[in-house]
Amino acid sequence: MAFANFLVDLVRRITPSFGNQLAHVTTYTRELPINLERMYENAIDWEHLPFLHSSTFSEIEVIESGDWGWKAKAFLTPKSRFNSMTLELRLDKSKNRWITKTLAGFGKGTEIWTHAIPLGKNKIKVIVDFYVPKLPSALKAKYAGQYSALYAQLYDEDLWMMAGRQAQLNKLDQAKTSTSELSKVLGKLGEIKENLPLTFEFNHQSYRLIEMNDTLIAHTLSCPHMLGPLKDANVKEGILECPWHGYQFDLKTRKCISGQRCKLAPAPLIKIDTNQMEVVALQGKDNSYN
Ligand code: FES
Ligand SMILES: [Fe+2]
């Protein structure tokens, strides 16, 4: 499939151009229940492509990035030498838009212009226009269908991240003004063990209780990078991986071990009340082993 798409794209790229150099292929529009800040943040976030959009992108190597956008070499999924491309995204907040260009490789010359229009406090509309140079008219409908389906999927995935992050930010605001509990009984030891892993709320924060080396420990459900959800994050040999950008954390030390400078927030200490045979979460104690 990758090779077939590569061939179609190669024919387009070597076709001599006549008339309109950059044909408009289609427009995708969608209303989203988020604010502009989340949307801009998402646009310049190159790191999430191979994780949040893993069925579309398999790998990304950033060349440069900043508040202006980013430039990177990316591979589609599955990775092959026929689907590498150099992408550049430039954000222009003054015009409420960002333009993504394919500078080299598969899809070279393509431009995707996205305008984001605020409609309310937490409501925007995105209007995405796709331009492909030298596209034979026989291929226009095929490209239009592919782009519309792809962007519907990408925005479904992005919405999960943007709305999830906003919900976490709101929760953090709430926690600032709330009184805190010193301890909380999570349940009877036997029942708890049968239902692991399980999540619980403590002092307006969410945690997951798991068993590691025969010890019950809790970890935060919020990633320190951009508050990604760790509720269903994979844990392998004590290492937890965030689904949004793939940062990895050692649950014993809470340290990030994938090279970024961040650390999991402390979680309550988990104790077993041996008289009552209950599992108890205690505030203010770091649950890491050392
Ligand atoms: S939110 Fe980015 S790695 Fe977790
Ligand atoms: Fe995205």
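Remarks
- Taking all protein chains into account, the per residue accessible area for the range 156-290 stands at 55 Å² (1.4 Å probe).
- Straight-distance candidates among the aspartates and glutamates for linking to Lys176, with alpha-carbon spacing under 17 Å and chain neighbours fewer than 8 residues away dropped: Glu201.
- When the surface is traced with a 1.4 Å probe over the full set of protein chains, Ser183 keeps roughly 60 Å² accessible.
- Here the accessible area of the range 83-167 is 57 percent carbon and sulfur, with a 1.4 angstrom probe and all protein chains present.
- Residues His48, His24, sorted by accessible area with the largest first, give His24, His48 [1.4 Å probe; ligands and nucleic acids excluded].
- Cα centroid separation - the range 55-107 against the range 131-204, whole Å: 23 Å
- The chain: calculated mean residue ellipticity at 222 nm from DSSP helix runs of at least 4, using -39500 (n - 2.57): -8000 deg cm²/dmol
- Entries of Lys79/Lys123; Lys188/Lys236; Lys123/Lys263; Lys71/Lys236; Lys121/Lys184 with Cα pairs more than 30 Å apart: Lys79/Lys123; Lys123/Lys263; Lys71/Lys236; Lys121/Lys184
- Rolling a 1.4 angstrom probe over the range 170-211 with all protein chains present gives an accessible area of which 48% lies on carbon and sulfur atoms.
- Using Cβ point charges alone (K and R +1, D and E -1), the dipole size of the chain about the Cα centre works out to roughly 900 debye.
- Charge tally in the Cβ shell below 13 Å around Tyr155, where Lys, Arg are +1 and Asp, Glu are -1, Tyr155 excluded: -1
- When the surface is traced with a 1.4 Å probe over the full set of protein chains, Lys188 keeps roughly 90 Å² accessible.
The values are calculated or read from the model by the stated rules, or taken from the named source; none is laboratory data. Since the structure is predicted, the reported quantities are computational estimates derived from the model, not experimental observations. Methodologically, a virtual Cβ is constructed for each residue, glycine included, from the backbone with ideal geometry; neighbour enumeration extends over all protein chains shown. Side chains are part of the model used for accessible areas, which takes the heavy atoms of the whole protein and leaves out ligands, DNA and RNA. Shrake-Rupley method; radii C 1.70, N 1.55, O 1.52, S 1.80 Å.
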